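Here's the structure, in structure tokens; my notes come after.
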Amino acid sequence: MARRSAETAIDGRSTLTRRSERFLDGLAHVTAVTFVSHVHPDPDGLGSMMGLAHLVETNLGIPTRMTRDGLISRAENKAMVELLNLDLVPISQIEWQEGEALVMVDSQPNTGRHSLDPAVPLYGVIDHHDTKGDLEGIPFVDVRRSLGATCSLVTSYLIEQDVAVPPRLATGLLYGIETEVSGYPREASGLDDRALLFLYPLADKDLLARIRNARLPQSHFECMLQALQSSFIYDRLIISWVNELPQPELAAEVVDFLIRFEEVDWAVCAGVFNDKLILSVRAAVENANVGDMLKQVVGDLGRAGGHDRRAGGTIPLSSTAASAIEGLQGELRRRLLKALHIDECRGHRLVSRREMLQNLQS
Ligand SMILES: [Mn+2]
């Protein structure tokens, strides 16, 4: 297995000791610590907040708060919050207190992924995303782009500080890492493996299974059907247009499904949620740099970013009229084909119209 060699340097025990200790040292005199993640926090963001809150409470005896920015709507993520009893304060209800420290996990400031007031000063940023944020003046920064998950980094802090990890926390951290690295092991590192090995015996496997196999609402299947019916193939690219996403994270589930199609290397889903177009991209090839690719494609229309083979973005819609959305779709299609060096061509449907009608009649 090819592992990124950059890992060896940052994996050195002495470096880790310094980082977790430096993280705690800077918090020694604060009154409380509040954790924030990105919008629609995912298991990696949630698990990271859980782990750091546990570390701060155990080692420093300082109260902590975990927050959520926007809704958590993916069935597995909702199950994680419910089954692990996570107490998340909506970011809009947070009142910032003097003397309190703010720590951002699994994201970086000013990447367009938060509704957090940018005027609130951050104490720390702990992340693994390629998308660079505005980190200037932040006292504690630990961003490791070679890591598969932020939860792995947080687990390494817990190991380093010799903190007992209860089953609920181990389950949350393990699920956070698993969701990040399972389909994309090449984006993972030795540190991710070591975190998984450490957490597995401690995790509650029954809870883990209930989170992994969370029950799905009917809207999930309706959305998947629509996504399949409106998927068009252009050379090695498949694009799926969804008129109405029942929840924003479904765009990612659509591309996770479509990228397994053996005849494509890139999968894009663009779906409308409220007054935004939500974009999600996956690549089946290495060094695809889809985070940068999508950023370039979206340009000044909105925000985008991500990893080597996974990316997401949003474009605010000035109008949700069908004609306006079609215009935007045309522009995005043109930009995507150009970015992937695919000749301008008429796409063909994943499922033919004739087949769809036949299925309805039978
Ligand atoms: Mn992450």
message = Quick check: net charge around residue 124, other residues with Cβ under 15 Å of its Cβ, Lys/Arg +1 and Asp/Glu -1?
response = -3
query = Rounded to the nearest whole Å³, what is the per residue volume of the convex hull around the Cα atoms of the stretch 219-361?
reply = 108 Å³
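Measure off, as a whole percent, the carbon and sulfur share of the 1.4 Å-probe accessible area of the stretch 65-105, all protein chains present.
42 percent
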key: Within-12-Å neighbourhood charge of residue 224 [Cβ basis; K, R +1; D, E -1]   = -3
ask   = In terms of modelled amide H atoms, which long-range or inter-chain residues lie less than 5 Å from the amide H of residue 101?
value = 31, 32, 33, 34
request  = About the Cα centre of the chain, how large is the charge dipole given +1 on each Lys and Arg Cβ and -1 on each Asp and Glu Cβ? Please answer in debye to the nearest 20.
outcome  = 800 debye
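Would you mind working out the accessible area per residue for the chain, using a 1.4 Å probe, and quoting it in Å²?
Spelled out: the 1.4 Å probe surface of the chain, per residue, equals 47 Å².
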Qualifying GluC sites (Glu not before Pro) for the stretch 37-126 [loop in DSSP, other Cβ within 10 Å: at most 10] = 95, 98
remark   = Rg/Rh of the stretch 6-212 (Cα atoms, Kirkwood Rh), to two decimals, equals 0.93
message = Which trypsin sites (Lys or Arg not before Pro) in the stretch 137-207 sit in a loop by DSSP (not H, G, I, E or B) and have at most 14 other Cβ atoms within 10 Å of their own Cβ?
response = none
query = Say we join alpha carbon atoms closer than 10 Å with springs in a Gaussian network model of the chain; which of 150, 171, 58 then has the biggest fluctuation?
reply = 58
request  = Taking the chain as the reference, fit the longest principal axis to its C-alpha atoms, fit the long axis of helix 167-181 to the helix C-alpha atoms, and give the angle between the two in degrees, 0 to 90, nearest 10.
outcome  = 40 degrees
remark   = By the Cα gyration tensor axes a ≥ b ≥ c (a/c under 1.5 gives rounded; else a/b larger than b/c gives prolate, otherwise oblate), the shape of the stretch 94-168 is oblate
query = What does the charge add up to near residue 345, with Lys and Arg as +1, Asp and Glu as -1, over the other residues with Cβ less than 11 Å from its Cβ?
reply = -1
remark   = Against the 2.2 N^0.38 Å rule of thumb, the C-alpha Rg of the stretch 158-296 sits at a ratio of 1.24
ask   = So what are the three principal axis dimensions of the chain from its Cα atoms, in whole Å, longest to shortest?
value = 65, 41, 38
Apportionment of accessible area to carbon and sulfur, the stretch 219-361, percent (1.4 Å) = 47 percent
query = From the phi of every residue in the stretch 107-120, what ³J(HN,Hα) in whole Hz does the Karplus formula 6.51 cos²θ - 1.76 cosθ + 1.60 yield, where θ is phi - 60° and glycine or proline is x?
reply = 5, 10, x, 6, 9, x, 10, 9, 10, 5, 4, x, 7, 6
message = Give me, ordered by chain and number, the residues 5 or more places off residue 351 or on other chains with an amide H under 5 Å from its own placed amide H.
response = 231
request  = Tell me the GluC sites (Glu not before Pro) within the stretch 281-362 that lie in a loop according to DSSP and have at most 12 other beta-carbon atoms within 10 Å.
outcome  = 286, 344
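The values are calculated or read from the model by the stated rules, or taken from the named source; none is laboratory data. Everything numeric here is computed off the predicted structure, so don't read it as measured data. Positions of Cβ are generated from backbone atoms using ideal geometry, with glycine treated the same way; all protein chains shown enter the neighbour counts. These accessible areas exclude ligands, DNA and RNA; they are computed on the full protein's heavy atoms, side chains included. Shrake-Rupley method; radii C 1.70, N 1.55, O 1.52, S 1.80 Å.
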